[in-house]
Amino acid sequence: MPLLPELARLRITVFREFPYLYEGDLAYEQSYLRVYAEAQAAAIIIARDGGKIVGASTCLPLTAETPNVQKPFRDAGMDIPRIFYFGESVLESAYRGRGIGVKFFEAREAQARAHGFTAFCAVQRPANHPARPKGYQKLDDFWRKRGYTPHPELVCTMSWREVGADRETEKLLMFWSRNL
């Protein structure tokens with residue numbers, strides 16, 4: 001897919017911000033995105049301003065995701081083939097607050113309709129995290145307005161190197177879900 005390098009750069013740029021603080025790697029990002037470009041029933045939704053990609057959102061059947069993302073659902077005895085996973089949405093800061101995030105959810109939900117159940121996860125950071133910017137607003141209210149429910153009992157771990165760190169560390173991510 002010829003857009004993978006541009007999408008990878010966008011992910012790295014947006015995920016450098018709080019709460020992810022991700023020190024990205026272009027090769028890893030392109031490999032990660034290739035799964036969404038190639039998996040059956042997956043989608044990458046793109047937002048453009050003219051010819052420039054300013055946002056992207058991903059989704060795929062949970063069966064195509066990594067074992068660490070599937071694990072909380074397996075442990076809870078849930079039917080993995082019925083779950084459609086929303087990878088992430090990234091949007092340049094200048095384009096936020098314009099309804100693009102809502103459009104991302106609508107497009108992913110349309111893609112997921114046949115599965116009946118959607119889920120995504122969000123990194124958990126303490127309220128007093130030293131890198132938390134003044135005035136930072138969590139997206140919880142936005143997600144609730146879209147009909148999603150948090151599930152503190154469904155948590156996975158992912159590892160990445162944070163900005164300024166010399167090695168990867170594990171992060172906890174909590175799932176949100178919605179029946180369609």
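For this structure, a couple of remarks:
- Taken over the stretch 95-119, the criterion of being in contact (Cβ under 8 Å) with a residue 24 or more places away in the chain, open to solvent by less than 70 Å² (accessible area, probe 1.4 Å) and over 22 Å from residue 76 (Cα atoms) is satisfied by 95, 100, 101, 102, 104, 105, 107, 108, 109.
- Among residues that are within 22 Å of residue 174 (Cα to Cα) and either open to solvent by less than 60 Å² (accessible area, probe 1.4 Å) or more than 16 Å from the chain's Cα centre (by Cα) (or both), residue 122 is included.
- Within the stretch 158-180, tally of residues that are part of a loop (DSSP other than H, G, I, E, B) and touching a Phe, Trp or Tyr at 6+ places or on another chain (Cβ under 9 Å): 2
- Odd one out for residue 155 among (1) open to solvent by 50 Å² or more (accessible area, probe 1.4 Å); (2) under 16 Å from residue 42 (Cβ atoms); (3) part of a strand (DSSP E or B): (2)
- The residues in the stretch 1-59 that are surrounded by 16 or more Cβ atoms within 10 Å (Cβ to Cβ) and touching a His at 6+ places or on another chain (Cβ under 8 Å) can be counted, and the count is 1.
The values are calculated or read from the model by the stated rules, or taken from the named source; none is laboratory data. As the structure is a computational prediction, the values presented were derived from the model and not from experiment. Cβ sites come from the backbone with ideal geometry, for glycine too, and all protein chains shown count toward neighbours. With ligands, DNA and RNA removed, areas are computed over all heavy atoms of the protein, side chains included. Shrake-Rupley method; radii C 1.70, N 1.55, O 1.52, S 1.80 Å.
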